[in-house]
Amino acid sequence: MLRPRETNPMSLAFLYRKELELCKVRPDETIVVISNLATPAEYIEAAFAAAAEIGCGIYEMKLNAAFSTTHIGGEHVWHTKGAIEAIEAADMVIAHHITLGTEWMARGRAAGTRFLMILDHPDVLARMQSPPGLKEASTYAREKVAKAKELRVLSRAGTDFRCGLGELRTVTQWGYADEPGHVDQWGVGHVSTWPNIGSAEGTVVLQPGDAWVLPYVRYVEDFVHLDIEKGVIVNVEGKTDAKLIRDFCEAHRKRAEDDNPWHVSHLGWGIHPNAVLDQIAVHGPDISKLVCTGRAWPGSFLFSTGPNAQAGGTNDTAAHIDLPMFGTTVLLDNEVVIEEGRIVDHGMIAEPVYPLNVAS
Ligand SMILES: [Fe+2]
């Protein structure tokens, strides 16, 4: 721990109570908490205390695994008989690992179970608990992106990127799971979509001060030029960051001709007004302070590489890079929605809850 905890440990139960209320949990419902070997006990205790206050059913399903947030998917649920049936029978799942793209979650969603991932430190959960208006801004963004046919991204650093939209899914998360089958994560606020297969073209230029949040947690230190043709990154130029990208993607090829790690994956932007920009400088590579913040900075454009199976495609590579970029201009069908890093489409703006402390 680089800095001392700021929230009172006992306040976690109150935060959980509020989160379950945001999730519209009713006394007649049942929650399954899917924990793992790395889940701190205080999260379970807080969830149980909050559930007891509401009067709903809750139990813990502890997986024999220790997930990290640098690998997506948690198929371990398949290995335990009865687990999927329990998830289908539940009203809500709280998961302490990344469940995106898993078949068991798809089965749960089809049965109406809603999913809430909790991956962050309690201080972050307190700061980022969904403020009023975030759901409205998020769903507005989702509808707008879902209707668009083209996404274009420009920047002074040289980014000139475009792709077609509409074939794959568009998703949004607003920080709580209040609708049947909805998947969310406590603390986020963003919209994501996936380019039509083979449609991504152009140049993406990362610049110093842009961020990595997956698989590494660091600021981009040098300019990186990514050339993209027919949905695939075909050239990477730069210094340390370029080498890290190349090495990571190359290491995940399953065969010599496997280019799945090099595909453009989800694209989108942060919407959460309480995400503050200095968190990597404050916390360094402590991912527990950055899982949701790193995807939620309002107006940051999140460029990513790797899979699209979650959105209806066939690319299921485990290689996934998330790179929030700052200062870009984003256009949907030639309409500017983000101008040099600032959201200008007012429907996507939610008001922050002050004070917005930086350096904490
Ligand atoms: Fe991602």
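The values are calculated or read from the model by the stated rules, or taken from the named source; none is laboratory data. Only a predicted model underlies this, so the values are computations on that prediction, with no experimental measurement involved. FYI the Cβ positions are ideal-geometry reconstructions off the backbone, even for glycines, and counts take in every protein chain you see.
Taken across segment 140-162, residues that are within 15 Å of the ligand (Cβ to nearest atom), closer than 30 Å to LEU116 by Cβ and not β-branched (Val, Ile, Thr) do not occur at all.
Could you check, for segment 118-132, whether at least one of its residues is closer than 30 Å to TYR354 by Cα and within 16 Å of the ligand (Cβ to nearest atom)? Can you show your working first?
Just the residues of segment 118-132 that are closer than 30 Å to TYR354 by Cα, to begin with: 118-132.
If we keep only those that are within 16 Å of the ligand (Cβ to nearest atom) too, we end up with 119-120.
Scanning segment 118-132, I find at least one residue that is closer than 30 Å to TYR354 by Cα and within 16 Å of the ligand (Cβ to nearest atom), so the answer is yes.
Could you list all residues from segment 252-276 that are of a type in the set (Gly, Ala, Ser) and away from the ligand (no atom under 16 Å from the Cβ)? Passing the criteria: only ALA256. When the residues of segment 192-222 are filtered to those that are among the small types (Gly, Ala, Ser) and within 15 Å of the ligand (Cβ to nearest atom), the one that is surrounded by the fewest Cβ atoms within 10 Å (Cβ to Cβ) is SER192.
Taking segment 277-311 as the range and being within 16 Å of the ligand (Cβ to nearest atom) and assigned to a loop (DSSP other than H, G, I, E, B) as the test, the residues that pass are LEU290, VAL291, CYS292, TRP297, SER300, GLY306, PRO307, ASN308.
Set side by side, the residues THR30, THR39 differ, and just one is under 24 Å from VAL282 (Cα atoms) and in contact with a strand residue (DSSP E or B) (Cβ under 8 Å, 6 or more places away or on another chain), which is THR39. For ALA137, the requirement of being over 14 Å from the mean Cα position of the chain (by Cα) and either farther than 24 Å from CYS56 by Cβ or of a type in the set (Val, Ile, Thr) (or both) is met. Looking across segment 111-147 at every residue that is assigned to a loop (DSSP other than H, G, I, E, B) and hydrophobic (A, V, I, L, M, F, W, C), the one that is surrounded by the fewest Cβ atoms within 10 Å (Cβ to Cβ) is identified as ALA111.
Of all the residues in segment 216-256, those that are under 17 Å from ALA281 (Cα atoms) and either β-branched (Val, Ile, Thr) or assigned to a loop (DSSP other than H, G, I, E, B) (or both) number 5. Can you tell me which residue among HIS263, HIS225, HIS182 is over 19 Å from GLY294 (Cβ atoms), within 16 Å of the chain's Cα centre (by Cα) and of a type outside the set (Gly, Ala, Ser)? Sole residue among the options that is over 19 Å from GLY294 (Cβ atoms), within 16 Å of the chain's Cα centre (by Cα) and of a type outside the set (Gly, Ala, Ser): HIS182. Listed by position, the strands (runs of 3 or more DSSP E) inside segment 1-110 whose residues that are at pLDDT 95 or above and surrounded by fewer than 18 Cβ atoms within 10 Å (Cβ to Cβ) number at least 1 are 30-35, 57-62. Note down all Cβ pairs under 9 Å where the first residue falls in segment 283-304 and is polar (S, T, N, Q), the second is in a loop (DSSP other than H, G, I, E, B) and within 13 Å of the ligand (Cβ to nearest atom), and they're at least six residues apart or on different chains. From residues that are polar (S, T, N, Q), the pairs are SER288/THR69; SER288/LEU119; THR293/VAL188; THR293/VAL213; SER304/HIS320.
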